[in-house]
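The numbers here are math on the coordinates, done by the rules we state, and not lab data. Just so you know, these numbers come straight off a predicted model, no measurement behind them. Note that we place each Cβ from the backbone using ideal geometry, even for glycine, and neighbour counts take in every protein chain shown.
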Amino acid sequence: MIEPFPSPWGTEVGLFQSLDSTSRYLWQQALDGAPHGSVVVADQQLSGRGRRGRQWHSPAGMNLYFSVLLRPRLQLDLVPQLSLVTAAALWKALSDDCLGLKIKWPNDLLCQGRKLAGILAEMKPGADGAEFVIVGVGLNVNAKVSDFPPELQGMVTSLSCECGKDFDLAELLQKILSELAFFEEIFYREGLKGSIRELINRNFFLAEKDVVINSGDHRRACRAHSIDDSGRLLATIEDGQKMAFASGEAWLEKGFYNVSGN
Amino acid sequence: MAEVTSPMVGKIFKIEVGVGDTVAEGDEVVILEAMKMEMPVVSPIDGTVKEIKVAVGDAVESDTVIAVIE
C-alpha cells in the first residue's frame with residue numbers, strides 16, 4: 001500500500017485498498033463538493049473502466065489506478081483537451097525510464113506498440129463551462145506478462161516488462177501528479193498550441209501511419225499526420241482530402257489506406 | 001415540458017433511457033463524447049421521456065435537442 005502524501009494541489013491523496021472504480025468514487029466526492037486537485041488512488045479496482053464503457057484490467061498491488069478531480073476555469077469547448085494534457089504529462093513523467101514511449105490519439109500511451117497506460121476523462125457540464133472533470137488513469141507498472149489475461153498478452157505491456165526492473169508505486173505517482181499539475185498550468189496559460197502540442201506531435205504514435213478512424217457510425221481509411229491546436233487528429237482520406245477528426249478512435253490497418261485508395 | 005439539449009459539439013455514444021421511461025431531474029439521458037471526454041447529459045426536470053431525437057453515433061451541435069421530457 002502507498003503511504004499518504006499531499007498532492008501538488010495541496011489536497012490529501014485518498015488511498016484505498018479496493019474500489020469499484022477510482023473515477024466513480026471521485027465523481028461522487030465531486031458532487032459532494034470535493035476541491036480542485038483531489039486525488040483518489042486504489043490498490044485494486046473491481047470494475048475499472050476504460051473509454052466507451054470498456055473494462056480496465058486492475059489487479060491488486062502491482063499497478064497504478066488513480067483519478068484526479070479538476071475544476072477548470074475554461075470555456076466548455078476547451079475542456080476535453082485535458083485528456084491530451086494528461087497524456088503529455090504522463091509521457092514526461094515516464095519517458096526517461098521507458099524508451100520508445102508514444103502517445104496514441106486520443107487517450108493511450110504505448111510502448112513498442114503495446115498499451116502501457118489509458119486515460120478516461122469525464123466531465124460534468126455546468127452553467128458556465130465545466131462544473132468538474134474527473135481524469136482517470138490506469139498505468140501498468142510492475143505487472144508481468146503472466147499477470148495479464150491471455151487475450152491481452154501481446155497487446156499490453158508494463159514499465160517493468162519494458163525496463164526489466166520494478167518501480168516504487170508511491171514515487172512514481174508523486175512524479176506523475178507533479179507533471180500533471182505543471183502541464184495543467186501550462187495549458188491554462190497557452191492552451192495546446194505551444195509546448196504541449198509540440199511534445200505530443202514529437203512522440204505521436206500515429207504519425208504518417210495508415211489507420212482506420214471510427215468516428216461515430218463512420219469508418220474511414222486514412223493516413224494520420226498529427227494533432228492540431230484543438231487536439232483534433234489531422235489526416236488525409238483516400239481521395240486526398242485533408243480532414244480533422246474531433247472524436248472517435250483510430251487503429252492501424254496495414255495496407256487498408258492503399259487498398260481503399262486504389 | 002422540457003428539452004434536453006447538447007451542451008457542446010460531440011457524438012452520442014450511449015442512450016440511457018427509452019421513450020416512456022420515468023426520469024428524475026439530474027438523471028442521465030445520454031452520454032455524449034466530445035473529443036476525448038465523456039459527459040452525461042441529464043434531464044432538467046422530473047417527468048416522462050416523450051421523444052428521443054438522436055441515435056447512437058449521431059454527431060450533434062451545441063444546443064441540438066436530444067430528447068423531450070414532459
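Annotations for the structure displayed:
- Estimated from helical segments only, the mean residue ellipticity of chain A at 222 nm is -7500 deg cm²/dmol, where each DSSP H run of four or more residues counts as -39500 (n - 2.57).
- Three-way shape call for chain A based on the alpha-carbon gyration tensor, with the a/c threshold at 1.5: oblate
- The spacing between the stretch B:50-70 and the stretch A:105-177, judged by their C-alpha centroids, is 33 Å.
- Its Cα centre serving as origin, chain A has a Cβ charge dipole (Lys and Arg +1, Asp and Glu -1) of approximately 600 debye.
- Highest-MSF residue in chain A out of A:Arg49, A:Arg202, A:Arg189 [GNM, Cα springs under 10 Å]: A:Arg189
- Relative contact order for the stretch A:210-252, counting Cα pairs under 8 Å that sit 6 or more residues apart, in percent: 39 percent
- For A:Leu74, the residues whose modelled amide H falls within less than 5 Å of its own, excluding neighbours fewer than 5 places apart on the same chain, are A:Ala130.
- Computed from Cα positions, the angle between helix A:169-190 and the longest principal axis of chain A comes to roughly 60 degrees.
- Taking chain A and dividing mean pair separation by its residue count, relative contact order in percent (alpha carbons under 8 Å, at least six apart): 15 percent
- Cα gyration tensor category, rounded, prolate or oblate, for chain B with a/c compared to 1.5: prolate
- Within the listed set A:Glu151, A:Glu185, A:Glu171, the residue fluctuating most in the Gaussian network model of chain A (springs between alpha-carbon atoms under 10 angstrom) is A:Glu151.
- Sorted by Cβ density within 10 Å, fewest first, the residues A:Arg73, A:Arg232: A:Arg73, A:Arg232
- Between helix A:82-94 and chain A: long-axis angle, C-alpha atoms, 0 to 90°, nearest 10: 70 degrees
- Rounded to 10°, Cα long-axis angle of helix A:22-31 versus longest principal axis of chain A: 70 degrees
- Distance from the stretch A:182-214 to the stretch A:2-37 (C-alpha centre basis), Å: 27 Å
- Candidates A:Trp27, A:Trp251, A:Trp105, ranked by Gaussian network fluctuation over chain A, Cα under 10 Å, top entry: A:Trp251
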